[in-house]
Amino acid sequence: MADKEIEREASAARRFRVGELAEAAGITVRTLRFYRERKLLQPPRKEGRIAWYGEEHLARLRVIAELLERGHALGGIAELIGAGESGRDVAELIGLQDAITAPWSDETPVHLDWAELKASFGDQLTEENTAESIAQGYITVEDDGITHISRRLMDATIALVDEGVPLAAVLAASRTAQEHADAIAESFITLIADQLLQPLDQVDRLTPAEAARLRDQVLRIRPLARAVADTQFTLAMDRRVRAEYERLSGH
């Protein structure tokens with residue numbers, strides 16, 4: 001039998017007394033009993049005068065802990081569980097928050113040691129430029145160099161400096177671009193929050209089906225938002241490049 005199968009069987013066979021279950025879940029016995037009273041936890045199996053809990057009870061306690069950590073009220077959790085919703089359905093609410101808060105970027109951090117930085121930026125590797133990069137949230141400084149949150153941005157910065165653009169000018173443009181990007185993001189957040197996510201104002205009353213519908217809707221909208229932002233940027237570049245060329249050429 002494979003090791004994973006043995007491990008699953010052993011896990012399924014585990015039994016806990018009340019104190020053991022509370023310890024495994026990282027809560028007090030008093031809290032566990034409170035959950036029982038609020039119908040948040042399934043009844044234990046009785047063998048004589050001993051109450052035995054299993055892995056399903058520990059799994060339920062972990063779901064409760066995660067929902068509490070994500071801001072759900074006990075009343076809302078009790079309503080879902082008390083209404084006979086399955087553990088999978090309760091987890092749908094977690095899935096909704098994950099869909100909303102999952103990272104949009106897929107950037108890969110990159111580490112450069114001091115020798116690599118000196119080779120790339122030379123005398124432009126100043127305290128002022130380093131401080132500006134830190135202030136923009138792009139780099140963290142370590143003993144042996146720096147880590148940049150985006151390999152693509154770092155590569156673009158090095159390429160622009162190689163083309164003769166001063167690092168300070170690149171960082172100034174970066175700060176302006178970041179401010180405009182934040183404004184674009186804010187416009188999307190406002191649009192989606194006002195038009196689609198109003199049910200989150202009463203998240204504790206969401207049924208699992210409603211939560212699943214919202215989750216799927218958020219997942220469909222995410223690539224649309226990126227497409228709109230990308231298209232708006234390229235169209236703006238078309239307009240600005242033509243205007244700048246006409247200004248410089250005198251036409």
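The values are calculated or read from the model by the stated rules, or taken from the named source; none is laboratory data. Everything numeric here is computed off the predicted structure, so don't read it as measured data. Every residue, glycine as well, gets a Cβ built from its backbone with ideal geometry; the counts of neighbours run over all protein chains shown. What goes into the accessible areas is simple: the full protein's heavy atoms, side chains included, and nothing from ligands, DNA or RNA. Shrake-Rupley method; radii C 1.70, N 1.55, O 1.52, S 1.80 Å.
Take the residues of the range 51-81 that are in a loop (DSSP other than H, G, I, E, B) and surrounded by 14 or more Cβ atoms within 10 Å (Cβ to Cβ): which is modelled with the lowest pLDDT?
First pass over the range 51-81, keeping only residues in a loop (DSSP other than H, G, I, E, B): 70-73.
Then drop every residue that is not surrounded by 14 or more Cβ atoms within 10 Å (Cβ to Cβ), which leaves 70, 72.
Details: Arg70: 70, His72: 73.
Ranking the candidates gives Arg70 first.
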Among the residues of the range 39-50, count how many are in a strand (DSSP E or B) and either free of Cβ contacts under 8 Å to residues at least 12 places away in the same chain or closer than 20 Å to Ile77 by Cβ (or both). 3
Going through (1) part of a helix (DSSP H, G or I); (2) within 23 Å of the chain's Cα centre (by Cα); (3) modelled with pLDDT under 75 one by one, Glu7 fails only at (2)
Residue check for Ala229: open to solvent by less than 50 Å² (accessible area, probe 1.4 Å), in contact (Cβ under 8 Å) with a residue 60 or more places away in the chain and not β-branched (Val, Ile, Thr): no
